[in-house]
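Notes to accompany the following structure.
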Amino acid sequence: MKKSFLTLMLAIVSSVWMANEASNWCMPSVRTLTEPWIEVNGTFQAEGFPCEPGEECPTCLTIVLVTSNKTYYLVTDDGQLIEYLDTIQLGTKATVSGIPFTHGSYDYIQVSHIETERTSQLPSLCDEWNVWYDAFSGPKDSYMIKYYLSTDTIINEQLYTKLCSDKDYQYYGVFREGSNRDIYFLPMWSAHEYLIYAFNAQVGDTLSNLWVGGFGEDYQGVVQAISSGNPRIFTIDVDFEDDNILPIEWIEGVGSPETPWGLAVVPTVPADIGVYNLLCAYKNGEPVYVSQIGEKRGCYGENSTADTIPLFSYTGDDPGTSTVDPVDPNQVVATLGNEELTIREYTGTEITYVLTHRNNAPSRELEPQPTTFENEVVIELTEYGPYELQLSNEAWDYIIIGKFYYGPQGVEMIGSDLTADGVQKVIIDGQLLLSKGDKTYTLTGQEIKR
């Protein structure tokens, strides 16, 4: 352990003091055996050594916590806390836990724990991230997660900053930054620290002891490419188990394109949890990065301009003779906004879509092109007019169809075939709904229990 500017002598009540030879800082050595425990908020400042009238007083300064109504002189015998106070900047706001007591004319805290407010301990990394979670179980279970750097803490004589969130786990682990824009992560469930980002790495560098995200630790990777844009994108080929070499990406200063603590699930681990996508990242309250998904959905995952396309499943040889049912939105959802048609599937299977644009001029009619996707696909619409969307899968005994008209005023649903086979549009309590038999659905296909 390095030598601190603070040197302690243990005593229950004593006026003895000692100072570090290389510094003017020192700490009173008075202690207490009383039981009360408090947490107080304040600011670290420096004061002259606490001396009573007539006592010989050293000329060194000592660290104090200035609160709204008191000034507490700090004492402790914990070596890690002493080392921490050795690095603290005056003016830092903190919460100090410990036992308060009075000795002579002064108030003291026998310190057991210190947490400082968010500081610039991680100058090369953002401090807040908005992430959208698309649940495979359906949109009703999807939500935005706000990750943020919280307080600083000491672990194994290292200064770390906590990573917290407003959903799922409140506390994920801690970050610290090295001397070369290298960021380290200590997960809350681990005693081992991993390298998670290295923003000064060069193409060809081999990185070891890598943390890549959930269920992924202690890997080795090679930096394969670094983009020339701003921010730069790092592509790292990671050697997973069984010699699977798969790429991951880092966004300079931001981190993973999924969550700030890496991939939610590493590529070799099957998991049916959903998809995480970074929307926006911030530094000191200012937005510094917006992803492509963030541009479409907004930084809070809500795109107020998007319209939902009603989808219907047709069971039979062709739509003209089929049984028609609204599609469960927990299976597939299609929305149109900002000139883009977005299709999201929550079944975890590969789906083929065909989007046909029907125009009054036959020569301008677009030939449909079957295309497959998983999870999500975004299609840019370049022309106004009527469209038909068909979705299929080899394992299905039906096809899904959605029809709509896209024009300058947005999207209008085409109802010609949507009311076939007993599916009727009805207005109940002022709301447009779909009715079939004794069942009632919203336009998105969600059944309403009546």
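The values are calculated or read from the model by the stated rules, or taken from the named source; none is laboratory data. None of these values were measured; they are calculated from a predicted model. When we count neighbours, we look across all protein chains shown, and the Cβ atoms used for this are built from the backbone with ideal geometry, even at glycine. SASA here: full protein model, heavy atoms, side chains in, ligands and nucleic acids out. Shrake-Rupley method; radii C 1.70, N 1.55, O 1.52, S 1.80 Å.
Per the listing Tyr147, Tyr108, Tyr133, the residue uniquely of a type outside the set (Gly, Ala, Ser), surrounded by 19 or more Cβ atoms within 10 Å (Cβ to Cβ) and within 28 Å of Thr32 (Cβ to Cβ) is Tyr108.
Conditions (1) modelled with pLDDT of 85 or more; (2) on the phi > 0 side of the Ramachandran plot; (3) not aliphatic (A, V, I, L, M), marked per residue:
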position: Glu367; (1), (2), (3): no, no, yes
position: Glu374; (1), (2), (3): yes, no, yes
position: Leu389; (1), (2), (3): yes, no, no
position: Tyr398; (1), (2), (3): yes, no, yes
position: Pro408; (1), (2), (3): no, no, yes
position: Thr419; (1), (2), (3): no, no, yes
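When segment 82-92 is filtered for residues that are modelled with pLDDT of 80 or more and closer than 19 Å to Pro50 by Cβ, the ones remaining, listed by number, are Ile82, Leu85.
The residues of segment 150-169 that are touching a residue at least 40 places away in the same chain (Cβ under 8 Å) and open to solvent by less than 70 Å² (accessible area, probe 1.4 Å), listed by number, are Thr151, Ile154, Leu159, Thr161, Leu163.
Can you say whether Pro53 is without any contact (Cβ under 8 Å) to a residue 12 or more places away in the chain and open to solvent by 60 Å² or more (accessible area, probe 1.4 Å), as far as the supplied structure shows?
yes
When segment 388-397 is filtered for residues that are open to solvent by 50 Å² or more (accessible area, probe 1.4 Å) and over 36 Å from the mean Cα position of the chain (by Cα), only Asp397 remains.
The number of residues in segment 376-387 being open to solvent by 20 Å² or more (accessible area, probe 1.4 Å) and either modelled with pLDDT of 85 or more or part of a strand (DSSP E or B) (or both) comes to 6. Here is the figure for segment 164-197: residues that are outside any loop (DSSP other than H, G, I, E, B) and either more than 24 Å from Gln220 (Cα to Cα) or among the polar types (S, T, N, Q) (or both) total 3.
Considering each residue of segment 354-362 in turn, at least one proves to be at pLDDT 75 or above and either surrounded by 18 or more Cβ atoms within 10 Å (Cβ to Cβ) or touching a helix residue (DSSP H, G or I) at 6+ places or on another chain (Cβ under 7 Å) (or both).
Would you be able to say whether some residue in segment 3-10 is open to solvent by 30 Å² or more (accessible area, probe 1.4 Å) and either of a type in the set (S, T, N, Q) or modelled with pLDDT of 75 or more (or both)? There is at least one residue in segment 3-10 that is open to solvent by 30 Å² or more (accessible area, probe 1.4 Å) and either of a type in the set (S, T, N, Q) or modelled with pLDDT of 75 or more (or both).
Just one of (1) in contact with a Phe, Trp or Tyr (Cβ under 9 Å, 6 or more places away or on another chain); (2) among the small types (Gly, Ala, Ser); (3) surrounded by fewer than 20 Cβ atoms within 10 Å (Cβ to Cβ) fails for Ala198. It is (3). Identify the residue in segment 315-336 that is open to solvent by 10 Å² or more (accessible area, probe 1.4 Å) and outside any loop (DSSP other than H, G, I, E, B) and, among all such residues, is modelled with the lowest pLDDT. The selected residue is Thr323. Can you name the residue in segment 68-105 that is among the hydroxyl-bearing types (Ser, Thr, Tyr) and farther than 15 Å from Met27 by Cα and is also least open to solvent (accessible area, probe 1.4 Å) among such residues? Of everything passing the filter in segment 68-105, Ser97 is least open to solvent (accessible area, probe 1.4 Å). Just so you know, in segment 192-210 the residues that are of a type in the set (A, V, I, L, M) and more than 22 Å from the chain's Cα centre (by Cα) include one that is farthest from Ile233 (Cα to Cα), and it is Leu207.
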